[in-house]
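Here's the structure, in C-alpha cells; my notes come after.
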Amino acid sequence: MITFEEAYQTALNAVRPMGTEMIPLTEACGRILAQEIVADMAMPPFNRAMVDGFACRRCDLDQTLMITETIAAGYFSQKTVGAGECVQIMTGAPVPDGADCVFMVEHSEQIDDTHVKFINQTTNDNIAALGEDVQPEDLMINPGHMIRPQDIAVLASMGYPDVPVSQRPRVGVIATGDELVEPSVTPTTAQIRNSNAYALCAQVDAAGCISHYEGVARDNEASLREIIGAALERNDVVLLSGGVSMGKFDLVPGILKEYGIDILYDRVAVQPGKPTTFGLSDQAFCWGLPGNPVATFTIFELVVKAFLYRMMGHDYTSPTIRMPLAEDISRRNSGRTAWIPVSTTPNGELARVAYHGSAHINAMSYAEGLIPFPEGHTELSKGTLVNVRLIR
Ligand code: AMP
Ligand code: MG
C-alpha cells in the first residue's frame, strides 16, 4: 500500500499531454488555453474619455467655455482644443489634443447652445491614458490557464475569434457488478441501481473532458473483457467502478493486465478509496475506482480530476478555504488519511454531515466540502482550523 501523496504524484507524473486544437471563441469558456496570448495593440488604444462631459484645458475650468464640437464614441477629432474652448464628449470617445481633463455633464451648466461652464469645486481628469492598461506585445494569459468569462473578454479584445486550446481527453466510464440495474429499472431483491457511472460521467464532463458511458460489465471475465476492450479502443482514459477489491469476483485487475495495462498501484492509504488502482499502456490510462459510491466520487475529486486537468496542461488544485471546526471529531483507526464530508454552520464553522460510510452517497449531497483527517491522528478538536476542499 502506498501513501495518498505518492499515489497522487505517481499518477500526475505519468500524464501524457493532449494535443491542441483551434476552437471558436464562443465555445472556449472552460477550456484550457494551449498557447500564450499576447497583446496585438495598446489598451486603451487612445486617450479615452471616462465620462460624458466636456473636454478642456484644466487651466480654463474657471471660465465660460465655447463648445467647438461634439465627439461621440467611435469618432475621432483632428482639432486641437484651444484656450477658452471645449468639446462635448461621450464616454469611450478619444479625447482631442489640447484637452487635459473632462468634466462631467453633471458638473456643468449650459449657458446657451454653444457655451458651457464648469460649476463643481474640483474634477478628476477623467481620461484613461493610451496604453495604461496594456502595451502591445504584453503577455496577457499564460498557456495552461482555464478560460473563464473574463478571459473571453481579453481574447475578444485582442482579436482571437478562434482560440488555441488543449484537446479534451475522451474518458470511457464502465460500471461493474452483477447487482447493478440502470436508473430506469426498479431493483429486485439484491439489486441496486447503478449510480457511479452517471456520477462519474458528470464529474468527467464538469472537469471539461468528454465522457462516454460504456455500460455495465458483469462480474465475469468475458463481459469485462468485452467492455474494457471496447472502451480502451476509443478513449484516452478508462474509469472503472467496482471490481478492484479483494472479493472472489473482483476480476478487473486481471483483465486490465490482459490488455497490456501496467498497473502502477492498487492499494492506497486513503479512506475511502483503499483499492484505488491506476495503470497505463502506450495508448490509454486506466483507473479502477472502488465500487462504493462515496469512494468513487471522492477518489475522482481527490486524484482523477487533477490527473485529467494535467492531461490538458492545467495545474488544477481544488478550491480550498480555511475554517474552524464546530465540534470535536475522533476516530479509532489512524492508519490512513480519511476524508470527511462537512458543511458550514450559520456562524462560519464546519460541522460533519450525517455520514455512515462509503456507501452513503446522499451524504455527499448535503456536504459542501471534504476535510482531511491526517494519517496518524485520532482527534481533531473543536476550533481547529482546517482546510476544506470544496466539492461543487
Ligand atoms: P465492489 O468494489 O465491486 O466490491 O463494490 C463495492 C460496493 O459498491 C458494493 O456494495 C457494490 O454494490 C457497490 N457498487 C459497485 N458499483 C456500483 C455502482 N456502479 N453504483 C452504485 N453502487 C455500486
Ligand atoms: Mg462488484
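Here are some notes:
- Normalised by the number of residues in the range 70-215, the mean separation of alpha-carbon contacts (under 8 Å, six or more apart) gives a relative contact order of 14 percent.
- Ranked by the mean number of other Cβ atoms within 10 Å per residue, highest first, peptides 285-291, 257-263 order as 285-291, 257-263.
- Here the simple spin-label model places points 7 Å from the Cα toward Cβ, and for ALA359 and ASN13 these points are separated by 3.7 nm.
- A viscosity of 0.890 mPa s and a temperature of 25 °C, combined with the Kirkwood radius over Cα pairs in Stokes-Einstein, give a translational diffusion coefficient for the chain of 97 µm²/s.
- Using just its DSSP H runs of length 4 or more, each adding -39500 (n - 2.57), the chain gives a mean residue ellipticity at 222 nm of -5000 deg cm²/dmol after division by all residues.
- With both residues required to sit in the chain, DSSP beta bridges show an antiparallel share near 65%.
- Inter-site label distance for GLU233 and GLU21 at 7 Å from Cα along Cβ, in nm: 2.1
- Using the 1.4 Å probe convention, the accessible area of the chain works out to 48 Å² per residue with neighbouring protein chains retained.
- Overall, the accessible surface of the chain at a probe of 1.4 angstrom is composed of carbon and sulfur to the extent of 50 percent.
- Relative contact order of the range 320-390, taken over Cα pairs closer than 8 Å and 6 or more residues apart, is 50 percent.
- Where Cα atoms sit under 24 Å apart: lysine pairs in the chain separated by 8 or more or lying on different chains: 6
- Its Cα gyration tensor gives the range 320-390 an equivalent ellipsoid, and the semi-axes of that ellipsoid, as √(5λ) in whole Å with the largest first, are 17, 16, 10.
- By the Cβ distance rule of under 4.7 Å, the chain has these cysteines without a partner: CYS29, CYS59, CYS101, CYS201, CYS209, CYS286.
- Sequence-separation-based contact order of the range 173-320, relative, with Cα cut under 8 Å and 6+ spacing, percent: 22
- Centre separation in Å (Cα based) which lies between the range 204-228 and the range 307-381: 28
- Rough spin-label spacing in nm, given labels placed 7 Å along Cα→Cβ, for HIS377 and ALA206: 2.5
- Exposure of TYR366 as accessible area (Å², to 10), given a probe of 1.4 Å and all protein chains: 140
- Given their separation in residues at 0.36 nm each and the Cα-Cα distance between them, MET246 and ALA190 gain 18.2 nm when the chain is fully extended.
- Ordering of 59-67, 227-235, 374-382, 46-54 by packing [mean C-beta count within 10 Å, highest first]: 46-54, 227-235, 59-67, 374-382
The values are calculated or read from the model by the stated rules, or taken from the named source; none is laboratory data. Note that the coordinates shown come from a computational prediction; the quantities given were computed from them, not determined experimentally. Positions of Cβ are generated from backbone atoms using ideal geometry, with glycine treated the same way; all protein chains shown enter the neighbour counts. For the accessible areas, the whole protein counts, side chains as well, though only heavy atoms, and no ligand, DNA or RNA atoms are used. Shrake-Rupley method; radii C 1.70, N 1.55, O 1.52, S 1.80 Å.
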